[in-house]
1. Tell me which residues, restricted to segment 101-120, are part of a loop (DSSP other than H, G, I, E, B), among the charged types (D, E, K, R) and open to solvent by 40 Å² or more (accessible area, probe 1.4 Å).
2. Return only the number of the condition from (1) under 17 Å from H117 (Cβ atoms); (2) crowded, with 16+ Cβ neighbours inside 10 Å; (3) touching a Lys or Arg at 6+ places or on another chain (Cβ under 9 Å) that S47 does not satisfy.
3. I need the full set of residues from segment 17-32 which are under 18 Å from L120 (Cα atoms) and either free of Cβ contacts under 8 Å to residues at least 24 places away in the same chain or open to solvent by 100 Å² or more (accessible area, probe 1.4 Å) (or both), in order please.
4. State whether one or more residues within segment 77-84 are modelled with pLDDT under 95, closer than 18 Å to R118 by Cα and within 14 Å of the chain's Cα centre (by Cα).
5. Which of the residues spanning segment 12-47 are at positive phi and either of a type in the set (F, W, Y) or under 13 Å from the mean Cα position of the chain (by Cα) (or both)?
6. Considering segment 1-33 alone, what residues qualify as being small (G, A, S) and either under 18 Å from F51 (Cβ atoms) or in contact with a His (Cβ under 7 Å, 6 or more places away or on another chain) (or both)?
7. Provide a single number: the residues in segment 58-100 that are open to solvent by 30 Å² or more (accessible area, probe 1.4 Å) and assigned to a helix (DSSP H, G or I).
8. Could you please find all residues in segment 1-57 being touching a strand residue (DSSP E or B) at 6+ places or on another chain (Cβ under 6 Å) and not in a loop (DSSP other than H, G, I, E, B)?
Amino acid sequence: MRVNFLSFGFKHGVPLDCDLVADVRFLTNPHYVESLRDRTGPDPAVSEYVFSSADAGDFVTRYTDLLNFLLPRYQFEGKAYVNIGVGCSGGKHRSVAIAEALSKAIDPRNFLVSVRHRDL
């Protein structure tokens with residue numbers, strides 16, 4: 001089964017083809033840090049800023065636990081893929097960093113994992 005992570009910005013609309021959507025707007029926004037505003041989630045400085053909050057790591061751990069419960073059950077039911085949206089305000093910082101982390105947390109021996117960033 002393929003597991004597709006898609007980061008996006010709520011201000012550009014929620015993707016219609018997502019099976020699950022996670023809202024990470026509760027995390028501190030790098031957009032309001034002048035030195036990070038023009039950078040994006042894959043940039044180590046942005047990712048470090050996002051994960052400097054304990055809530056970011058805790059969220060990834062808890063959401064990964066949920067996915068580890070759900071994905072085998074979706075697979076058992078015959079789903080060929082699961083699309084997981086991760087959204088923040090603009091889709092450039094928090095959602096990107098979290099989608100990247102979640103994609104790395106899924107065991108590639110059990111699932112085909114991809115990550116895409118719609119609003120970068």
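The values are calculated or read from the model by the stated rules, or taken from the named source; none is laboratory data. Note that this is a predicted model, so its numbers are computed, not measured. Methodologically, a virtual Cβ is constructed for each residue, glycine included, from the backbone with ideal geometry; neighbour enumeration extends over all protein chains shown. Protein only, heavy atoms only, side chains kept; ligands, DNA and RNA dropped before computing areas. Shrake-Rupley method; radii C 1.70, N 1.55, O 1.52, S 1.80 Å.
1. Going residue by residue through segment 101-120, those that are part of a loop (DSSP other than H, G, I, E, B) are 106-111, 118-120.
From what's left, among the charged types (D, E, K, R): 107, 109, 118-119.
Correct list: D107, R109, R118.
2. (3)
3. Of everything in segment 17-32, those that are under 18 Å from L120 (Cα atoms) and either free of Cβ contacts under 8 Å to residues at least 24 places away in the same chain or open to solvent by 100 Å² or more (accessible area, probe 1.4 Å) (or both) turn out to be R25, Y32.
4. Checked segment 77-84: no residue is modelled with pLDDT under 95, closer than 18 Å to R118 by Cα and within 14 Å of the chain's Cα centre (by Cα).
5. Taking segment 12-47 and keeping what is at positive phi, we get 13.
Correct list: empty.
6. Step one: of segment 1-33, the residues small (G, A, S) are 7, 9, 13, 22.
The answer is S7, A22.
7. Going through segment 58-100, the residues open to solvent by 30 Å² or more (accessible area, probe 1.4 Å) turn out to be 58-59, 61-62, 65-66, 68-70, 72-81, 89, 92, 100.
Narrowing further to those that are assigned to a helix (DSSP H, G or I): 58-59, 61-62, 65-66, 68-70, 72-76, 100.
The qualifying residues number 15.
8. The first filter runs over segment 1-57 and keeps only residues touching a strand residue (DSSP E or B) at 6+ places or on another chain (Cβ under 6 Å), leaving 2-8, 10, 15, 17-25.
Within segment 1-57, R2, V3, N4, F5, L6, S7, F8, F10, L20, V21, A22, D23 meet the criteria.
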